[in-house]
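For reference, the structure is listed below as structure tokens.
The values are calculated or read from the model by the stated rules, or taken from the named source; none is laboratory data. Model, not experiment: these values are computed from the prediction. For neighbour counting, all protein chains shown are included, and Cβ atoms are generated from backbone atoms with ideal geometry for every residue, glycine included.
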Amino acid sequence: MHELAVAQGLIGEVLRVAALHGASGVDMVVVRIGALAGVEPGLLERAFTVARAGTLASRAALEIEHGPLVVVCSSCGAETEARADKIVCGDCGDWKVRVVEGEEMLLVRVGLTGVGEPTPLEEETASPHLRV
């Protein structure tokens, strides 16, 4: 189950964000998972429960948003949404497309509690997204 490794990486990033903001806890984590990210949301939820144990995020809720699958057509140049089970251009129906969105998992938001003074390195090291 690679979702456990993904959840551990996610918790690592969440804890880094919490430390940068001097937070005493994390109450919410929001991620967006693309249709082709290779991450099973249900398994990620269970793995997140294990990965957060004993950390500042031990009581954090995980909210999962489902991101769109967006492709650009090599034939007509259109950028359209597609389905994971039918990756074709939404305009002309051609299968010669390039996926431009939908393969990623993004850390969208972290709900922090007890926020203190941010560290001086915050702007240099803060990362708005976690790509897996």
Find the residue count for region 69-86, including only residues that are surrounded by fewer than 12 Cβ atoms within 10 Å (Cβ to Cβ) and free of Cβ contacts under 8 Å to residues at least 40 places away in the same chain.
3
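Would you be able to say whether some residue in region 115-123 is in contact with a His (Cβ under 9 Å, 6 or more places away or on another chain) and part of a helix (DSSP H, G or I)?
Of the residues in region 115-123, the ones in contact with a His (Cβ under 9 Å, 6 or more places away or on another chain) are 115-119, 122.
This time we only want the ones that are part of a helix (DSSP H, G or I), so: 122.
Yes, because at least one residue in region 115-123 is in contact with a His (Cβ under 9 Å, 6 or more places away or on another chain) and part of a helix (DSSP H, G or I).
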Would you check if Val97 is within 28 Å of Gly116 (Cβ to Cβ) and among the β-branched types (Val, Ile, Thr)?
no
Of the residues in region 45-72, those that are more than 14 Å from Glu104 (Cβ to Cβ) and outside any strand (DSSP E or B) number 16
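Every residue, every condition in (1) surrounded by 12 or more Cβ atoms within 10 Å (Cβ to Cβ); (2) at pLDDT 95 or above; (3) within 26 Å of Val6 (Cα to Cα), yes or no:
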site	(1), (2), (3)
Ala60	yes, yes, yes
Gly93	no, yes, no
Glu101	yes, yes, yes
Thr113	yes, no, yes
Of all residues in region 87-113, how many are among the small types (Gly, Ala, Ser) and touching a residue at least 24 places away in the same chain (Cβ under 8 Å)?
2
